[in-house]
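**Student:** Shown below is the structure under consideration.
A short reminder: the numbers here are calculations on the coordinates, not readings from a lab. Source: prediction; values computed, not measured. Virtual Cβ from ideal backbone geometry, glycine too; neighbours counted across all protein chains shown.
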Amino acid sequence: MENTLGIIGTIIGALGFALAVFVAVMQAKEQKRHAQELEWQKQELEMQKQEKARSDRLTFLADRIFDSSIPRELRQPFYEEYISMKGNGTAVRFWQLEAEREKKLQQLT
């Protein structure tokens with residue numbers, strides 16, 4: 001009888017140990033997955049931060065390009081940086097149209 005109880009105790013102990021190992025492995029996997037998810041979120045936030053900084057800079061540069069109260073030669077560096085950042089659209093068209101307008105005015109005078 002004692003021998004049977006000892007065997008049952010050993011089996012239950014081994015099963016308990018196996019269960020504890022299984023739970024520990026599952027927790028480790030979950031922690032690893034969670035850490036990877038946090039790293040991905042961190043990278044995503046960094047990319048969003050960089051894109052916002054780029055967008056804010058392009059907006060600033062476009063505002064300077066459109067500001068006709070600033071002489072054109074002083075706006076030139078803003079335009080060049082805008083182009084170097086792959087800026088396009090209205091600000092570029094405005095700059096080009098303004099240059100054409102100035103050429104026509106110079107030809108008339």
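**Student:** When you scan the range 22-80, how many residues do you find that are hydroxyl-bearing (Ser, Thr, Tyr) and part of a helix (DSSP H, G or I)?
**Tutor:** Qualifying residue count, the range 22-80: 3.
**Student:** List the number of the failed condition for ILE65; all other conditions in (1) touching a residue at least 24 places away in the same chain (Cβ under 8 Å); (2) loosely packed, with under 10 Cβ neighbours inside 10 Å hold.
**Tutor:** (2)
**Student:** For the range 81-99, how many residues are within 27 Å of the chain's Cα centre (by Cα) and assigned to a helix (DSSP H, G or I)?
**Tutor:** Count: 7.
**Student:** Is at least one residue of the range 19-41 of a type in the set (Asp, Glu), under 27 Å from MET85 (Cβ atoms) and under 36 Å from the mean Cα position of the chain (by Cα)?
**Tutor:** No: the range 19-41 contains no residue that is of a type in the set (Asp, Glu), under 27 Å from MET85 (Cβ atoms) and under 36 Å from the mean Cα position of the chain (by Cα).
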